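The values are calculated or read from the model by the stated rules, or taken from the named source; none is laboratory data. Predicted model only: the values in this text are computed from it and were never measured. Here the Cβ is made from the backbone with ideal geometry for all residues, glycine too, and neighbour counts use every protein chain on show.
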Amino acid sequence: MAFVEDLESIGFVFSSVGRGGVRHYALHGNRFLTYYCHVAADESGGVFSWEFALGEFCRSRELQVGANDVLNIFLYSETDVAVPPSVASVVAQIDATETRLNSLRLADPGI
C-alpha cells in the first residue's frame with residue numbers, strides 16, 4: 001500500500017475500481033485540470049493521465065469551441081504514461097504536464 005499511501009499524501013483521492021482490480025485516483029490541479037493515476041491491483045506501478053475541461057474553461061473566458069458543447073470538450077495528452085510505483089515519478093509527470101500546458105500561448109505570433 002506504500003504507493004497508494006504516497007499518492008494520497010500528495011492529494012490524490014480514490015475514485016473507483018476498474019477491470020482487473022485497477023484502482024483509479026484523481027487529483028484536481030485546478031477547477032479545469034484533473035490528474036489521474038490508475039494503480040495496478042498489485043501496486044507494481046500505474047498509468048498517469050490527465051484531462052483539461054477545455055469547453056468549461058473557454059466558457060469561463062467568454063469563448064467557445066465548435067458548437068459550444070462545453071460538457072464534452074476535453075483536452076488530453078495523445079498518450080498516457082506508465083509510471084513505476086514511485087510518487088516521484090507521478091510528480092515528475094505532473095510537472096511535465098504543467099510545463100506543457102503553461103507553454104500554450106495562443107497569441108504567440110511564432111505558432
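Restricting the first member to region 79-99 and to residues that are closer than 16 Å to Val4 by Cα and of a type in the set (Ser, Thr, Tyr), and the second to residues that are outside any helix (DSSP H, G or I) and modelled with pLDDT of 95 or more, the beta-carbon pairs closer than 7 Å and six or more apart or on different chains are Ser89/Val83. Take the conditions (1) at pLDDT 95 or above; (2) within 19 Å of Asp95 (Cα to Cα); Arg23 misses just one of them, which is (2).
Take Ser49 and tell me if it is out of contact with any Gly (no Cβ under 7 Å at 6 or more places or on another chain) and at pLDDT 95 or above. Against the criterion (out of contact with any Gly (no Cβ under 7 Å at 6 or more places or on another chain) and at pLDDT 95 or above), Ser49 qualifies. The condition of being of a type in the set (D, E, K, R), within 13 Å of the chain's Cα centre (by Cα), surrounded by 15 or more Cβ atoms within 10 Å (Cβ to Cβ) and farther than 21 Å from Leu106 by Cα does not hold for Asp6.
Name every residue in region 19-70 that is among the hydroxyl-bearing types (Ser, Thr, Tyr), surrounded by 18 or more Cβ atoms within 10 Å (Cβ to Cβ) and touching a residue at least 40 places away in the same chain (Cβ under 8 Å), in order of residue number. The answer is Tyr35, and nothing else. Looking only at residues of region 17-42 that are closer than 23 Å to Ala96 by Cα and in a loop (DSSP other than H, G, I, E, B), we find that the one that is nearest to the chain's Cα centre (by Cα) is Gly29.
Say whether the condition of being assigned to a strand (DSSP E or B) and in contact with an Asp or Glu (Cβ under 9 Å, 6 or more places away or on another chain) is met by at least one residue in region 66-76.
First pass over region 66-76, keeping only residues assigned to a strand (DSSP E or B): 75-76.
Checking which are in contact with an Asp or Glu (Cβ under 9 Å, 6 or more places away or on another chain) leaves us with 75-76.
So far as region 66-76 goes, yes, one or more of its residues are assigned to a strand (DSSP E or B) and in contact with an Asp or Glu (Cβ under 9 Å, 6 or more places away or on another chain).
How many of the residues in region 2-16 are assigned to a helix (DSSP H, G or I), of a type outside the set (Asp, Glu) and in contact (Cβ under 8 Å) with a residue 60 or more places away in the chain? Total meeting the criteria: 4.
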